[in-house]
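Step one of this worksheet: look at the structure below.
The values are calculated or read from the model by the stated rules, or taken from the named source; none is laboratory data. Here the structure is a predicted model, which means the values were calculated and not measured. Glycine also receives a Cβ, built like all others from the backbone with ideal geometry; neighbour counts cover every protein chain displayed. Just the protein is used for accessible areas: all its heavy atoms, side chains included, with ligands, DNA and RNA removed. Shrake-Rupley method; radii C 1.70, N 1.55, O 1.52, S 1.80 Å.
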Amino acid sequence: MKHVGQKAAPYILVALALAAMAWAVSFGTLEPADFTFSNGVEIQTVDPSLATGQPEGRILNALYEGLYRMLPSDDDRTRLVPMPAAAESHILSKDGKTYTFKIRPTAKWSDGSPVTAQDFVFSWRRTLHPGTGSKYAYPIGDYVVGAGKYNLSKVDPGDKVEVELDDRPKKEQLFPRGTILSGILKEILKPKEPKYPTGKTKEDKEEKKTLEGDWKKKWTYVVEVKPSTDKGGVDWNAKGETRRFSKEPEGDVEMCLHTLLHFDESVAIDAPDDRTFVVKLNYRTPYFLELTAFYPLYPMNPKCVLEHGTPNWTRPENIVTNGPYKLKFRRIRDRVRMVKNQWYWGADEVQLETIDAMAVKSPSTSLNMYMNGQLDWATNVPSSMVPELTKRDDFSNAPMLTIYLYRLNVNHESLSDPRVRRALNMAIDKRKICEKVTKAGQIPARNFVPPMTDYLPALGGEFDPEEAKRLLASAGYPGGKDFPALDLLYNTLDDHRDIAQVVANDWKTHLGIDVNLRNLEWGVYLNEVSNIEYEVARGGWIGDYLDPNTFLDMWITGGTNNETNWSNKKYDQLIIDARSESDPAKRMKIFHRAERILMDEMPVIPVYFQVSKNLIRPYAKNFHPNLQDIHPLHILRIDPEEKRRVLRAEGIR
Amino acid sequence: MIAFLLKRLGWMIVTLWAVYTITFFLIHAVPGGPFDSERKLSADVQRNVEARYKLDLPVHEQYFYHLGRAAQFDFGPSIKLADFSVNEVIAQGFPISVSLGIFAMTFALVVGLTAGIISSLRRNTWLDVTFMGIATVGIAVPNFVLASLCVMLFVFHWQIFPAAGWGSLRQLVLPALCLGAPFAAYIARLSRTGLLEVLNQDYIRTAYAKGLMPRRVVMHHAMRGAIVPVVSYLGPATAGILTGSLVLERIFALPGMGSHFIEAASQRDYPLALGMTMVYTVLLFVMNTIVDLSYSWLDPRVKLN
């Protein structure tokens, strides 16, 4: 036996190697897709309720379709406008708050069934439901009447509520749900609130969160449960039965999973019939149509979600979608293959049959693959290559709705004077940062709102070391004398460090202020910023829709993302005024005035506006740079003949 | 041999438990969590999300819960790849990493042994000097530098291979070559030294004296002794090839275990990171056991115990 083993060993090895090679070859070569692009990091999910991020957006925009869809405008292809999609039209009420959408009769799911208004109700409800844990519930929650309260599971005595009993078919599954009881909340019995730690460290905050959460679980909801009618509705006029529910019941209290605002009664999302979808907003929102084109508001197929549960419904073999493309397969951290959806109402206009979204994290690899003909579109390339690439005509370098900024903690003693903050802004040579450090064509920021049509930015704070010096002196620190060393915080990344070094150097040279650079790992950095324990901290913001509001309403007093301690009553009032202003021009003027206040007070220093870095083969037609960096795949046109010719001429493929 | 394997299996279980425990507490001790983001979730919503992954429980309760599941080979759902379970991620990544590893190892052995044998037989000729010079450089150059060089030469200059990706044999050649190169270099040096030593021994002289052909002497009598250091190097080499592929998978955009492992750790995807660690542990343990077994195959003097 041993002898045989010894003799056979080399042969076994060779055989193993051959078998391995045969095995690897057996994966076979995939038929290349009609269009292939690099999509950055691997997407987290194809579930619209749970997705966040741009790579996810590119896939979801192809797989699904909202009521409206952002498409290039007919008169200016570089401007995206909301166009009817799953809805064929809408009617806006006179007060600008009620939208009545008509669902397109030809809108179909990929299994051939029609897309209905009820599907949208189901999907928006799913996104809003606190059990879903959607990070992007706010585009509905912040605007739709009752939706925010539902999302945050807030209920008050007197509210119509829905109580979900603890009898779900599968406990960990949100849908299908347990029995839902409807009724009126009489009161909430709360046990004594625990004492919370007062510290500001992460541990203390966690501790407080846990204690508070545990305490809230013990609340007992006293509900007058109304009987249901024969038709399955709720008889609100009948006298109900008083019952008590809690998530952690004691004694004769019943167990419930959620006690929420009654969705059908109190959240203004309704489907009077299959084709009519009505939404009522808290206030006038000129960009609401654009929000309906945002993936958290896309419809999901209720039958599919209920039958397979989360996350199984997202599997290629189960998933049902309503967009121009269907999910064919996913190979993790390799590609998402999509194929044309024959049931799509506009399928006749969709040219490309198959599309591959490659998960290529490294921008250098992405560039290599593009140059090698493996990609038709590279969504990101290394910044260091941009000066070279701008010489090519297949490279587009357009401004985006993204700002890079420094937050200032206005409660910090040396930063409490607006003159100091303005001086810090004026002493930064932003042009140098864009040209020497970031190098990808970024635009030095002279205000907060990225360049948008129709909006007049409140420009100011140009690089002016002399004026900066004068301002600092008038604040009591001539030549930076007695100014305590500033602590500049950023999350660990080379790009942030390089920029911080230029800023620190500028402040030292022009103002005589010493700066300590401090880098922290992402999670720790976020914690310090949200606790406002920093002095100066790097930050960024990506606008969600094309309106100044997305860059300005974050700085209101106590805003979740304000994180500077800055508070200005006049500013807050202007942001609120803008909501009720019906005249678009006046509304923009209000935003301009608000931004002027921000520029004078300078709780944040705008550094630069980010630019997109798209490399796209010229044979791919109908691709246009735009502010949102959204490029619908279903309108792309490629002449296969031309593609073949071009690639052959370059000697690739 | 059965007793040896059983004993090894016992030790493997202990090792797996130890690795699991240490890894579990280490990754939970690292600052930050999977749901850190610039956009904050409301406290209640965050709690619901955490509850889905049992992150709301105290760490020791989480540990026992997950350990119980892991013992049944169920690592639960991945947090950051929300549509997949950890087992599915492993099932997709493992074959890719393994085929890459096998290619790299085959390349390393074929090239390394060939170069080593030629060098030792043609000792101190220009051939020997050239091979060993290349080998020294090969050991010193990190694989990502080699990868960049290969991409420049074979992708852009000669346009033989695709730049990156996975799916065909051609796409596997460059990464396997870059991954295997340093090991080929090391194997070349090892086999050269080993063979030189053996060739000077008495039994080789006896073999020649009996009139055997030089080829038979070298391949049959000398090689068996010379290859032992190479075989004992295969254990660490496997480890090296597995960990070395982390960087190369990024450069060549290969969807193997390495890229999943790095991402899991940096995104705080606890279940995925744990699952990956366990797979690597099993793999290394098994490879080391195979190497130990092969000693007794190659050298009858070695007894398993």
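Here are the numbers for the structure shown:
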{"item": "A:His258, B:His66, ranked by accessible area, largest first (probe 1.4 Å)", "result": "B:His66, A:His258"}
{"item": "Extreme residue, positive dipole direction of segment A:40-158, given options A:Gly148, A:Ser123, A:Pro72 (C-beta unit charges)", "result": "A:Gly148"}
{"item": "For chain A, with +1 on Lys and Arg beta carbons and -1 on Asp and Glu, the positive-most of A:Leu389, A:Ala19, A:Gly441 along the dipole", "result": "A:Ala19"}
{"item": "Along principal axes, Cα extents of segment B:2-71, largest first, whole Å", "result": "57, 20, 16"}
{"item": "C-alpha center-to-center spacing [segment A:455-484, segment A:586-653] in angstrom", "result": "34"}
{"item": "Per residue, in Å², the accessible surface of chain B once ligands and nucleic acids are set aside, probe 1.4 Å", "result": "47"}
{"item": "Two-decimal Rg to Rh for segment B:1-134 - Kirkwood Rh, Cα set", "result": "1.21"}
{"item": "Dipole magnitude (debye, nearest 20) for segment B:2-71, charges at Cβ of Lys, Arg, Asp, Glu", "result": "320"}
{"item": "Only Lys, Arg (+1) and Asp, Glu (-1) charged, at Cβ; chain B dipole about Cα centre in debye", "result": "1240"}
{"item": "Nearest-10 value in Å² for the accessible area of A:Tyr490, using the 1.4 Å probe", "result": "20"}
{"item": "Accessible surface of segment B:89-298, 1.4 Å probe, proportion on carbon and sulfur as whole %", "result": "71"}
{"item": "With DNA, RNA and ligands ignored, accessible area of A:Thr557 (1.4 Å probe; Å², nearest 10)", "result": "70"}
{"item": "Cβ-based net charge around B:Pro175, under 14 Å, with every Lys or Arg adding one and every Asp or Glu removing one", "result": "0"}
{"item": "Given charges at Cβ of Lys, Arg, Asp, Glu: segment A:257-333 dipole, positive-most of A:Ile269, A:Phe288, A:Tyr298", "result": "A:Tyr298"}
{"item": "Computed over chain A: relative contact order in percent, which uses C-alpha pairs under 8 Å that are six or more apart", "result": "17"}
{"item": "Of A:Lys102/A:Lys160; A:Lys190/A:Lys570; A:Lys328/A:Lys613; A:Lys108/A:Lys231; A:Lys149/A:Lys569; A:Lys216/B:Lys80, those spanning more than 32 Å from alpha-carbon to alpha-carbon", "result": "A:Lys190/A:Lys570"}
{"item": "Prolate/oblate/rounded call for segment A:512-653, Cα gyration tensor, a/c under 1.5 rounded", "result": "oblate"}
{"item": "Axial C-alpha extent at least 20 Å, average Kyte-Doolittle at least -1.0 - helices from chain A (DSSP)", "result": "A:2-26, A:584-601"}
{"item": "Cα convex hull of segment A:382-434, projected area averaged across orientations, nm²", "result": "5.4"}
{"item": "Helix-derived mean residue ellipticity, 222 nm - over chain A, DSSP H n ≥ 4, -39500 (n - 2.57), to 500", "result": "-8500 deg cm²/dmol"}
{"item": "Total charge dipole magnitude, segment A:585-653, about the Cα centre, Cβ charges on Lys, Arg, Asp, Glu only, Debye to nearest 20", "result": "300"}
{"item": "Chain B - Rg over Rh from alpha carbon coordinates, Kirkwood radius", "result": "1.07"}
{"item": "Under the span-like rule (Cα at least 30 Å along the axis, Kyte-Doolittle mean at least 0.5), DSSP H helices of chain B", "result": "B:2-29, B:86-121, B:169-199, B:223-251, B:270-298"}
{"item": "Accessible carbon and sulfur surface of segment B:2-71 relative to its total accessible area, %, 1.4 Å", "result": "71"}
{"item": "Inter-chain shielding of B:247-255 (mean C-beta neighbours from other protein chains, 10 Å cut-off)", "result": "4"}
{"item": "Estimated 222 nm signal from helices in chain B, with DSSP H stretches of n ≥ 4 weighted -39500 (n - 2.57), rounded to 500", "result": "-24500 deg cm²/dmol"}
{"item": "Shape category assigned to chain A from the gyration tensor of Cα positions, a/c cut at 1.5", "result": "rounded"}
{"item": "Order of exposure, largest accessible area first, which applies to A:Glu581, A:Glu641 with probe 1.4 Å", "result": "A:Glu641, A:Glu581"}
{"item": "Heavy-atom accessible surface of chain A: percent carbon and sulfur, 1.4 Å", "result": "52"}
{"item": "Segment A:139-194 - accessible surface per residue (Å², probe 1.4 Å)", "result": "47"}
{"item": "Listed residues A:Lys239, A:Lys326 arranged by accessible area, highest first, probe 1.4 Å", "result": "A:Lys239, A:Lys326"}
{"item": "Positive minus negative residues near B:Thr289 (Lys, Arg vs Asp, Glu; Cβ under 12 Å)", "result": "+1"}
{"item": "Interface residues in segment B:123-157 - accessible area drops by 50 Å² or more relative to the isolated chain, probe 1.4 Å", "result": "B:Phe156"}
{"item": "With all protein chains modelled, accessible area of B:Thr130 [1.4 Å, Å²]", "result": "60"}
{"item": "Over segment A:177-238, relative contact order from alpha-carbon pairs under 8 Å, at least 6 apart, %", "result": "43"}
{"item": "Length-normalised contact order for chain B - Cα pairs under 8 Å, 6+ apart - percent", "result": "26"}
{"item": "Local electrostatic count, A:Asp167, Cβ distance below 13 Å [Lys/Arg +1, Asp/Glu -1]", "result": "+1"}
{"item": "B versus A: buried accessible surface, summed, Å² (probe 1.4 Å, to nearest 100)", "result": "5700"}
{"item": "Kirkwood hydrodynamic radius over Cα pairs of segment A:122-195, then Stokes diffusion coefficient at 10 °C and 1.306 mPa s, in µm²/s", "result": "114"}
